[in-house]
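First comes the structure, then the notes that go with it.
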There are 2 protein chains.
Amino acid sequence: MKRTVFYISDGTGITAETIGHSVLTQFEGVEFTTTRLPFVDSMDKAREAADRVRHESEACGCRPIVVNTVVDPEMSRLIAESGALMLDVFAPFIAPLEQELGMKRQNRVGKAHGLVNFQEYESRINATNYALSHDDGIDPNFNEAEVILVGVSRSGKTPTCLYLALHFGIRAGNYPLTPDDLEKGVLPPKLLAQRQRLFALTIDPMRLRQVRESRKPGSRYATLDQCRYEVTEAEKLFKRERLPVLSTTHTSIEEIASKILQTLGIQRHLF
Amino acid sequence: MKRTVFYISDGTGITAETIGHSVLTQFEGVEFTTTRLPFVDSMDKAREAADRVRHESEACGCRPIVVNTVVDPEMSRLIAESGALMLDVFAPFIAPLEQELGMKRQNRVGKAHGLVNFQEYESRINATNYALSHDDGIDPNFNEAEVILVGVSRSGKTPTCLYLALHFGIRAGNYPLTPDDLEKGVLPPKLLAQRQRLFALTIDPMRLRQVRESRKPGSRYATLDQCRYEVTEAEKLFKRERLPVLSTTHTSIEEIASKILQTLGIQRHLF
């Protein structure tokens, strides 16, 4: 079975797409073709979007599905007139919340999706610059870091730091364990001084080999022996220092970032 | 008025938090205290979460609000027994979709939020490495780029490239316009050869001055005159080359990324 899905939003449509994807994957065997219609923030654009849905409906001879995060009820009504199955993300929440809080919601197109806020923007950019300048031990001064990730090369530190910065505005640095650290089995004193902000990442040696092999094919660095040695020594070290450890082997970047914040008790700085 | 909000999820809780934030900002004047309870993926954890909500309810003497993205109906039922106002993100979609598609949904905890998929993971990591190695003109070979951002220094190219990589798995490089490019008023031939993948970013000179000043205080680079000159020449160049242009001054990174994909007709590679 095939179905067409439209993600319609007055913002980027990323939220609509994420939610729609979560729900639709629960219907196995249906082949969904998806289209994102972002920035539908005027009556004209709502009409255009509805036309687009209507055309699709006629072309395929079946009823399209719309996942809608347009906040304005008038615009949503226009889109609903296309005849699609409307799955409205916000609508089901409004009446219960209005009743619970004893007030009407204020209707502000786009606002829900975050018009840019200079302070938030700056906090993201600063955190991103921080991650870039404190990546891979470039600058080993971690005084301003909120999180310092420790792990062997290619264990997932860099993308996690960048995700923490871009998503949550959190300054995260990372420190790759050196052969010297692994041999001595101790962390450098400058890191131990920041113990409460350290978080260790580990990875299955077989998986690490794959990752390193695709990066530096045929190198000693990518051999299973080398990967096994580094991971074993690193894990011993983490245990000795009682650092919180997470394996990135079966964990997505979102999950890694989320678990780090939970473990270290850090709140995200922005939305 | 104060209210406590819990974001409860069988995954990271990031989706619940994003949606909840969008809805709650529509109720001005209420002060919401929020807590994220991620990875609620067993009956035991659901019971724990419900207890936590119940305690909060007793402590504050008011009814907490729960934004719930736990997929499993049994676990959601347990959480609902806490007595909180339940705002369930997926539940309102299930019955209409089951009816429309003529089938029952398959219930899979965690799956909705994307257990890690090695191929997706690799595509994100490769795209992130690409962005890092093709940032700021480090490697001017853009043959493998899907998007090439062009703009003056500090116009928002780097965070946008990283966002495109981490979020969508898209390989984006960026090219900072040099004094030479601005003076001659032409783009280097290697860029023009990739014309259909070029996207230009611009920025208000006053805002640019702020950004550069906080980066390099007191430098000529950060003077309003210099910022004005560079932006004026860059915009002339973009116009002459008929590049798609977006101003980043009042645009969030999500919006910039989303508009680039829309303009260049690129679909996101992953969720």
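Numbers at a glance
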read-out: √(5λ) per eigenvalue of the Cα gyration tensor, region A:177-247, largest first, Å; value: 24, 12, 10
read-out: Partner lysines for B:Lys216 [C-alpha distance under 27 Å; skip if fewer than 8 residues away on the same chain]; value: B:Lys157, B:Lys184, B:Lys236
read-out: Lys/Arg +1, Asp/Glu -1 at C-beta; chain A dipole; positive extreme among A:Ala84, A:His55, A:Pro140; value: A:Pro140
read-out: Sequence of A:Ser247, A:Ser22, B:Ser9 once ranked by neighbouring C-beta atoms within 10 Å, starting from the fewest; value: A:Ser247, A:Ser22, B:Ser9
read-out: Per-residue HN-Hα couplings for region A:70-85 [Karplus 6.51, -1.76, 1.60; θ = phi - 60°; Hz; x = Gly/Pro]; value: 5, 6, 5, x, 5, 5, 4, 4, 4, 5, 5, 5, 5, x, 5, 6
read-out: Under-5 Å amide H pairs with B:Val150, H placed in peptide plane, nonlocal only; value: B:Tyr175, B:Phe199, B:Ala200, B:Leu201
read-out: Placed amide H near A:Arg3: partners under 5 Å, 5+ positions off or other chain; value: A:Glu31, A:Phe32, A:Thr33
read-out: Whole-Å semi-axes of the ellipsoid equivalent to chain A (Cα gyration tensor, √5λ, descending); value: 46, 23, 15
read-out: Order of A:Ser214, A:Ser252, B:Ser57 - criterion: other Cβ atoms within 10 Å of each residue's Cβ, fewest first; value: A:Ser214, B:Ser57, A:Ser252
read-out: Copy-to-copy label separations for B:Arg240, where each label sits 7 Å from Cα toward Cβ, in nm and ascending; value: 6.3
read-out: Amide H partners (placed H, <5 Å) of B:Leu37, local residues excluded; value: B:Tyr7, B:Ile8, B:Ser9
read-out: With 10 Å bins from 0: P(r) over region A:2-113, alpha-carbon pairs, percent; value: 15, 46, 30, 9, 1
read-out: Estimated vicinal HN-Hα couplings, Hz - region A:42-52 in sequence order (Karplus 6.51, -1.76, 1.60; Gly, Pro = x); value: 8, 4, 4, 5, 5, 5, 4, 4, 4, 4, 4
read-out: Distribution of pairwise C-alpha distances over the protein assembly as shown, 10 Å bins, in %; value: 3, 16, 26, 27, 19, 8, 1
read-out: Ellipticity estimate at 222 nm from DSSP helix runs (n ≥ 4, -39,500 (n - 2.57)) divided over chain B, nearest 500; value: -14000 deg cm²/dmol
read-out: Among A:Cys62, A:Cys161, A:Cys227: highest mean-square fluctuation, GNM of chain A, C-alpha pairs under 10 Å; value: A:Cys62
read-out: Leading residue at positive end of dipole, the protein assembly as shown (Cβ point charges), from B:Thr248, B:Gln267, B:Gly102; value: B:Thr248
read-out: Estimated dipole of the protein assembly as shown in Debye, rounded to 20 [Cβ of Lys and Arg +1, of Asp and Glu -1, Cα centre]; value: 680
read-out: Backbone HN-Hα couplings from phi across region B:196-204 [Karplus 6.51/-1.76/1.60, Hz, Gly and Pro as x]; value: 6, 10, 7, 9, 9, 10, 10, 7, 5
read-out: Cα-centre dipole for chain A with unit charges at Cβ (Lys and Arg positive, Asp and Glu negative), debye to 20; value: 660
read-out: Distance histogram for region B:126-271 (every C-alpha pair counted, 10 angstrom bins, percent rounded to whole numbers); value: 12, 44, 35, 8, 0
read-out: B:Leu243-A:Ser219 pseudo-label distance in nm [points 7 Å out on the Cα-to-Cβ vector]; value: 3.3
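Throughout, read-outs are computed from the coordinates displayed, never taken from laboratory work. Since the structure is predicted, the reported quantities are computational estimates derived from the model, not experimental observations. Glycine gets a Cβ as well: all are built from the backbone with ideal geometry, and neighbour counts include every protein chain shown.
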